[in-house]
Amino acid sequence: MAVPLALAALLYNAWLLEAGVPTGLDARHSYVSELYAQGSPYRWLFGGLELGCAALVVAGAAAGGRTAVGGVARAGWWALAGVGVSSVADVLMPMTCVPSLQPGCRPVHPAHTLTSAAVHLCLFASLILIIWDARQRGKPEHVARWGPPLGAAALVSSLCTVGPLIGYGGWHGVAQRCHLLLVGAWLAMLALGALREARPENEAAPGAPGRPGRLAAAGRDSRGRPDGRVPKGLAVPPGTPLSPELPPDRAG
């Protein structure tokens with residue numbers, strides 16, 4: 001579960017390849033969806049990476065849903081799976097043109113806008129449910145602690161991307177890319193939580209059952225008396241008794 005989610009956290013921000021790929025888009029004023037819009041020169045590259053990311057999200061979420069404890073947690077993980085499924089639909093129903101480069105291209109594309117809305121709906125459902133469960137159970141601790149501020153920041157950045165949809169364009173590309181970084185951080189947070197959940201819940205403390213404590217390691221019993229065992233690495237002179245003996249005056 002951790003590996004697919006960690007890889008998905010990276011691929012969710014494949015838009016960073018814009019730094020080296022001549023897409024022709026201005027990242028400040030363009031949607032990331034324009035990278036795989038119809039007519040974009042690198043449509044298949046960015047669309048393929050988006051599909052790969054979606055598959056990883058579904059795989060990680062399905063594994064999380066199977067191992068989750070409680071209905072709230074399971075619902076959160078299956079909502080995360082919905083993010084992946086909706087992302088596939090987002091790629092299969094892309095923008096029909098590139099709004100930031102083609103003046104006559106409207107930013108609202110009904111099918112694509114609907115699939116993007118589904119991605120966000122599933123995303124925030126997963127945030128709310130998984131964070132709620134973590135705070136109720138007290139673990140994973142980092143999800144319970146950092147999940148709420150991360151979710152709030154993701155919501156604000158998401159709302160800042162709707163400008164072009166209501167006739168107020170400009171700088172929405174910055175907001176959307178910040179939002180994607182936050183979503184990547186959420187996936188990485190879940191991957192870390194999966195790693196921690198996979199460890200033994202409680203490691204035996206020194207002296208606890210199943211693990212020799214300091215007294216046992218030193219050859220003494222629970223009351224500090226010699227138990228007749230020789231600590232590892234300790235040299236014992238020949239003829240030295242290995243178990244305690246009573247003095248002669250007290251024998252019998």
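Which of the residues that make up the range 162-192 are of a type in the set (V, I, T) and without any contact (Cβ under 8 Å) to a residue 60 or more places away in the chain? Let's see the steps before the verdict.
Of the residues in the range 162-192, the ones of a type in the set (V, I, T) are 162, 166, 174, 183.
Passing the criteria: V162, I166.
State all residues of the range 137-151 that are open to solvent by less than 50 Å² (accessible area, probe 1.4 Å) and touching a residue at least 40 places away in the same chain (Cβ under 8 Å); if no residue qualifies, say none. P140, H142, V143, G147, listed by residue number.
Need the failing condition index for L10 against (1) in contact (Cβ under 8 Å) with a residue 24 or more places away in the chain; (2) crowded, with 16+ Cβ neighbours inside 10 Å, just the number. Here L10 meets the rest and fails (2). Among the residues making up the range 38-49, a single one is touching a Leu at 6+ places or on another chain (Cβ under 7 Å) and either farther than 24 Å from A111 by Cα or not in a helix (DSSP H, G or I) (or both): Y42. Could you please let me know if V156 is surrounded by fewer than 18 Cβ atoms within 10 Å (Cβ to Cβ) and farther than 21 Å from G70 by Cα? For V156, the condition - surrounded by fewer than 18 Cβ atoms within 10 Å (Cβ to Cβ) and farther than 21 Å from G70 by Cα - is met.
Only one entry of A175, A188, A218 meets the criterion of being out of contact with any helix residue (DSSP H, G or I) (no Cβ under 8 Å at 6 or more places or on another chain) and either of a type outside the set (K, R) or at pLDDT 95 or above (or both), and that entry is A218.
For the condition over 25 Å from P107 (Cβ atoms), under 22 Å from the mean Cα position of the chain (by Cα) and in contact (Cβ under 8 Å) with a residue 60 or more places away in the chain, what is the one hit in G52, G60?
Numbers: G52 fails: in contact (Cβ under 8 Å) with a residue 60 or more places away in the chain.
None of the others qualify; the one that does is G60.
Checked against (1) in contact (Cβ under 8 Å) with a residue 24 or more places away in the chain; (2) within 27 Å of A194 (Cα to Cα); (3) aliphatic (A, V, I, L, M), V98 meets all criteria but (2).
Hey, among the residues in the range 100-115 that are within 20 Å of L180 (Cβ to Cβ) and open to solvent by less than 30 Å² (accessible area, probe 1.4 Å), which one's farthest from the chain's Cα centre (by Cα)? It would help to see each step written out before you state the result.
Here is the first cut: in the range 100-115, the residues within 20 Å of L180 (Cβ to Cβ) are 100, 107, 109, 112-115.
Pick out the ones that are also open to solvent by less than 30 Å² (accessible area, probe 1.4 Å) and you get 109, 112, 115.
On the way: H109: 31, H112: 26, T115: 23 Å.
Checking each candidate, the answer is H109.
Tallying residues that are free of Cβ contacts under 8 Å to residues at least 60 places away in the same chain and open to solvent by 20 Å² or more (accessible area, probe 1.4 Å) within the range 118-136 yields 9. Of the residues making up the range 6-37, those that are closer than 21 Å to L114 by Cβ, more than 23 Å from the chain's Cα centre (by Cα) and in a loop (DSSP other than H, G, I, E, B) are S30, Y31, A37.
The values are calculated or read from the model by the stated rules, or taken from the named source; none is laboratory data. A quick note: this is a predicted structure, and the numbers were derived from the prediction, not measured. As a convention, Cβ positions derive from the backbone with ideal geometry for all residues, glycine included, and neighbour counts pool all protein chains shown. For accessibility, only protein heavy atoms count, side chains too; no ligands or nucleic acids. Shrake-Rupley method; radii C 1.70, N 1.55, O 1.52, S 1.80 Å.
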